[in-house]
Each structure stands twice: as structure tokens, then as C-alpha cells.
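The structure appears below as C-alpha cells.
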Amino acid sequence: RSGLNVAEATAALIKAELRIGAVSSWFDNATIGQIFASSLDGKSEVEVGTAVDVKISLGPIPVVAGLDKAVAVAAIEAVGLSVSTISEEFSDTVSAGQVISLVPEADALTTGGKVTLIISKGPDLVAVPAVVGETILAAQGALESSGFKVTIDTNQLSSKWGVVTVKRVSHPAGTLLKRGSTVTIYSR
């Protein structure tokens, strides 16, 4: 029965004229040392003397999201797991160097199991290029190739954008903005 420890389960099995079979330990949300699954699960009747295999909880996998990479690796290794891969992703919500998430490399983990850590590179920031004095077309191209969306505020026909120059920009050159942000160029 789930929720029992091995001694309690063994006593219950003996009383039911069954015997304990293979005992294995897995990470699970059940309390450490409790049985969370058995070969009896879903069976209403079994023969007398049947060996019942049980899975014992090693407790939950440590929650490491938001921790510094070194602290997270230590916490994972302390419970007998290992980090096989560390990858990095941009994140607007998790500071650079901290864990975004932990991904188990198998559906169920036991001691020695492997996990992947995803570490934040922080937000994806890009410096606004210097475009004042450039033509509208050149400025638009430079900003878009840097990863920005461009809004053009001008009183000039688009046919003149290759000649008319940019007078000012919504964000000064060198400003770090999130990739995909909108930058407005003015030629008035």
C-alpha cells in the first residue's frame, strides 16, 4: 500500500500471505522512505505467496529554480543526482547565472540519475547603433539588423528615404534594449 514504509509494508504483506519482492528507490513527491508504487497497484486479487515489488521514495528532486548555478549543482549532487548538461538561455525574469529550470533526463530518476540545468544569460539586450545623420533607409536597415523594430516619424515621402537623414532617435546610441524593442527614428 502506498504511504507505508518498508517495515509496515512487509508486515502488511505477511499478514495478507504475500511476500516482499524487489525494493527500489526513486525520486518522487512522496515523503522520503514511503512506498509510492507497487506491483499490486491496480490488482484486486493475487495468489498467496506472490512477491510484491515496491518503489520507495527518495523524496522530491530538489527545487533549484532561481538558485545560483554552483549552489544548484551542489544541491543536486547532495541527493545523489548528477548534472550531465548545462545549457544557457536568455530570460527576462531570471537573473544571469541563476537556474531557470531543471529537466530530468528520464521520466523517473533514481540515485545516479542525470539532469539538465538551464541557466539564465539574463535578458537578450542589444546596443542601439549610432544612426543620427544616416539616411532613413540606412538607419532603418542598421536598426532592424540589430534586432529592433523600427518606427519612422517623418514628413517625407518614402521615395526620399534614401536621401533624407535622421535627425534624432528615441534611444541614444549605445543604449541597451531588449531585442525586439521598438526604436523610433525622426527626420523632421
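Give the residues of segment 17-43 that are assigned to a strand (DSSP E or B), within 19 Å of Pro104 (Cα to Cα) and among the polar types (S, T, N, Q), sorted by residue number.
Scanning segment 17-43 gives Ser24, Ser25.
Kindly establish whether Gly133 is touching a Ser or Thr at 6+ places or on another chain (Cβ under 7 Å), in contact (Cβ under 8 Å) with a residue 24 or more places away in the chain and loosely packed, with under 13 Cβ neighbours inside 10 Å.
When the stated conditions are applied, Gly133 passes them.
Can you name the residue in segment 52-64 that is open to solvent by less than 60 Å² (accessible area, probe 1.4 Å) and either hydrophobic (A, V, I, L, M, F, W, C) or not in a loop (DSSP other than H, G, I, E, B) (or both) and is also farthest from Gly112 (Cα to Cα) among such residues?
Only one residue tops the list, namely Val52.
Output the residues belonging to segment 3-29 that are open to solvent by 70 Å² or more (accessible area, probe 1.4 Å) and out of contact with any Leu (no Cβ under 9 Å at 6 or more places or on another chain).
Ala7, Glu8, Ile14, Lys15, Glu17, Val23, Asn29 - these are the residues of segment 3-29 that are open to solvent by 70 Å² or more (accessible area, probe 1.4 Å) and out of contact with any Leu (no Cβ under 9 Å at 6 or more places or on another chain).
Restricting attention to segment 102-126, report how many residues are open to solvent by less than 50 Å² (accessible area, probe 1.4 Å), in a strand (DSSP E or B) and either over 21 Å from Val73 (Cβ atoms) or out of contact with any Asp or Glu (no Cβ under 9 Å at 6 or more places or on another chain) (or both).
Counting residues in segment 102-126 that are open to solvent by less than 50 Å² (accessible area, probe 1.4 Å), in a strand (DSSP E or B) and either over 21 Å from Val73 (Cβ atoms) or out of contact with any Asp or Glu (no Cβ under 9 Å at 6 or more places or on another chain) (or both) gives 3.
Got at least one residue in segment 30-44 being at pLDDT below 95, out of contact with any Leu (no Cβ under 8 Å at 6 or more places or on another chain) and within 28 Å of Glu89 (Cβ to Cβ)?
no
Looking at Ser159, Ser95, Ser84, Ser91, which is the one that is assigned to a strand (DSSP E or B) and of a type in the set (Ser, Thr, Tyr)?
Ser84
The values are calculated or read from the model by the stated rules, or taken from the named source; none is laboratory data. Computed from a predicted structure; not experimentally measured. Backbone-built Cβ (ideal geometry, glycine too); neighbour counts: all protein chains shown. Ligands, DNA and RNA are excluded from the accessible area calculation, which covers all protein heavy atoms including side chains. Shrake-Rupley method; radii C 1.70, N 1.55, O 1.52, S 1.80 Å.
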